[in-house]
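Take a look at the structure below.
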Amino acid sequence: MLIVFIVLWLIAAVFLILDTKSIVMRWLSVFVFTGGCGALGAVLDNDLIPYITGLDTGHFMLPLLTQLKIICSLTCYYGLPYSYMMLALYYHSTLVSYRIRKQLAYFLLIPIAACLLFTPAYTLLYPITYSIVVWWVIPYLVAGSIIIALRQEVLPIQKQRHLITCMVLFPPVLAVAIFSYVFPAIGFLQMWRYNIWVLLFVVPYFVYSIIKNGFMGIQLFVEARKLDSTLKAITSGTALMNHSIKNDVGKMRLFGAKIRRQSLEAGHTELLADLQVMLSSTEHIYDLINNVHKHTKDESPVFSEVALAPLIQEVQDTISPYLEAYTVQVSVPTDAVIRADESQIKEMLANLLINATEAMPHGGFLTLLLTYIKKGFILEIKDTGKGISKNDLRKVLEPFYTTKGSSGYNFGLGLTYSYNVMKNHGGSLQISSELDKGTSIYLVFPKKA
């Protein structure tokens, strides 16, 4: 049980540290923490207190350790179902309003307070009155599981992560319900010891899920923080590079133009041809550094009400030469309005649509589909191209990462720029892809940016 206690409290600490602003993560941390309290109570009862009792000295610590054991045990028995219910209400945040959730937080404490006040006090054999407690704990655990399961996801990657969340939470909750409450209520005591066998399977699967696919957005959050820090470093670096190179290129252009005039006057045609190559190269460098700077600078959006359908049509008209060989289908209601920076959204959509055409060199279908969700809406840009491998899919948002080669103006910054635009608009960008089937990019816009 010592290892279980350490592992559970470490996991609780990780949840809390990773995203202190997320109330879901805080309740998840509390839920795991209360489970760890039960393990700590078992360590005190089975190991530490008997060890202290067997010593000639240290008996003065026994009352303190006994009280700590009682607190840990009751925290687990009462706190675990309560925190699980609160976790469920905040995880499925659209089920009830925030005001009702706040009221339920107090209402759900009533059975706990009643049991603490009116049921027999803690004993070693009966730490709680199982026959009474089971009547509110089981509804809490069952209702919490149903609420979590009923959460609806639209994006494929979120559906997968929701399924993983259910697979990680439900087995230990079921085990706790049976071994810690139901069996003791019908006379089978000390059955909580079997919970450890469920944890032996769940904890490794939980760790694997975080690394492989993510759990409750943990992987997504870590990747986003990593990408944000990379973008900050690149933004400052390219700003300095932009300033330095522009100065030097400007000097080259100035003196090149001067030499060109002198060569024209002297009639040095061969020198003029060489100068033209040099000046063309400086112009190319100048354009490239401008392109890199434009896609990496962190520019605050200037918000306004923007009609989405006309904006998409305008983008299509702008890049029409790229779209000639493709069938483009737009399913966006004419009344769809977003609060956004119009120029940034245009630039982003143009980048994404051109990317989609490049994935279909022999033609194909390009679909733009708007889906309304409770917290906003999702614009899906879907192509029928060659798709992206799983290995590349994990890296495509990284600056300068590209699967198309680094020729011309392709620096692998289009998706990075799009990610940054969506982040600054309070939304998100997610990608789903299958090889030889195509790629979908999901732009998640909030109701209020």
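Here is how the numbers come out for the structure above:
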{"quantity": "Count - residues of the range 378-397 that are buried (at least 19 other Cβ atoms within 10 Å of the Cβ), assigned to a loop (DSSP other than H, G, I, E, B) and within 20 Å of the chain's Cα centre (by Cα)", "calculated": "2"}
{"quantity": "Unique match (being in the same structural domain as residue 46 (by TED's automatic domain parsing), modelled with pLDDT of 95 or more and part of a helix (DSSP H, G or I)) among 139, 171", "calculated": "139"}
{"quantity": "Pairs with Cβ under 8 Å, 6+ apart, first in the range 425-449 and touching a residue at least 40 places away in the same chain (Cβ under 8 Å), second assigned to a loop (DSSP other than H, G, I, E, B) and of a type in the set (Ser, Thr, Tyr)", "calculated": "435/389; 437/384; 438/384"}
{"quantity": "Residues located in the range 311-364, provided they are closer than 16 Å to residue 438 by Cβ, polar (S, T, N, Q) and not in a helix (DSSP H, G or I)", "calculated": "327, 329"}
{"quantity": "Candidates 19, 47 - the one that is acidic (Asp, Glu), under 22 Å from the mean Cα position of the chain (by Cα), modelled with pLDDT under 90 and assigned by TED's automatic domain parsing to the domain that holds residue 193", "calculated": "19"}
{"quantity": "Yes/no for residue 71 being over 30 Å from the mean Cα position of the chain (by Cα), modelled with pLDDT of 90 or more, of a type in the set (A, V, I, L, M) and part of a helix (DSSP H, G or I)", "calculated": "yes"}
{"quantity": "So residue 161, is it of a type in the set (Lys, Arg) and at pLDDT below 90", "calculated": "yes"}
{"quantity": "Residues that are surrounded by fewer than 16 Cβ atoms within 10 Å (Cβ to Cβ) and either touching a Cys at 6+ places or on another chain (Cβ under 9 Å) or farther than 30 Å from residue 433 by Cα (or both), drawn from the range 144-177", "calculated": "146, 149, 171, 174"}
{"quantity": "Residue 417 assigned by TED's automatic domain parsing to the domain that holds residue 379, modelled with pLDDT of 85 or more and not in a loop (DSSP other than H, G, I, E, B)", "calculated": "no"}
{"quantity": "Residue that is farthest from the chain's Cα centre (by Cα) [pool: residues in the range 306-328 that are under 14 Å from residue 383 (Cα atoms) and loosely packed, with under 14 Cβ neighbours inside 10 Å]", "calculated": "325"}
{"quantity": "Of all residues in the range 126-136 being part of a helix (DSSP H, G or I) and touching a residue at least 12 places away in the same chain (Cβ under 8 Å), the one that is surrounded by the fewest Cβ atoms within 10 Å (Cβ to Cβ)", "calculated": "131"}
{"quantity": "Residue match in the range 102-120 (condition: surrounded by 14 or more Cβ atoms within 10 Å (Cβ to Cβ), closer than 20 Å to residue 191 by Cα and touching a helix residue (DSSP H, G or I) at 6+ places or on another chain (Cβ under 8 Å))", "calculated": "no"}
{"quantity": "Residue within the range 80-99 that is touching a Lys or Arg at 6+ places or on another chain (Cβ under 6 Å), surrounded by 15 or more Cβ atoms within 10 Å (Cβ to Cβ) and in contact (Cβ under 8 Å) with a residue 40 or more places away in the chain present", "calculated": "yes"}
{"quantity": "Close pairs from the range 184-208: first farther than 15 Å from residue 174 by Cβ, partner in a helix (DSSP H, G or I) and hydroxyl-bearing (Ser, Thr, Tyr), Cβ under 8 Å, at least 6 apart", "calculated": "184/130; 185/130; 185/131"}
{"quantity": "Count of the range 114-125 residues which are in a loop (DSSP other than H, G, I, E, B) and in contact (Cβ under 8 Å) with a residue 40 or more places away in the chain", "calculated": "3"}
{"quantity": "Members of the range 329-353 that are surrounded by 15 or more Cβ atoms within 10 Å (Cβ to Cβ) and over 24 Å from the mean Cα position of the chain (by Cα)", "calculated": "332, 336, 342, 346, 347, 350, 353"}
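The values are calculated or read from the model by the stated rules, or taken from the named source; none is laboratory data. Computed from a predicted model, the values in this text were never measured in an experiment. A quick note on method: Cβ atoms are made from the backbone with ideal geometry, for glycine too, and the neighbour counts reach across all protein chains shown.
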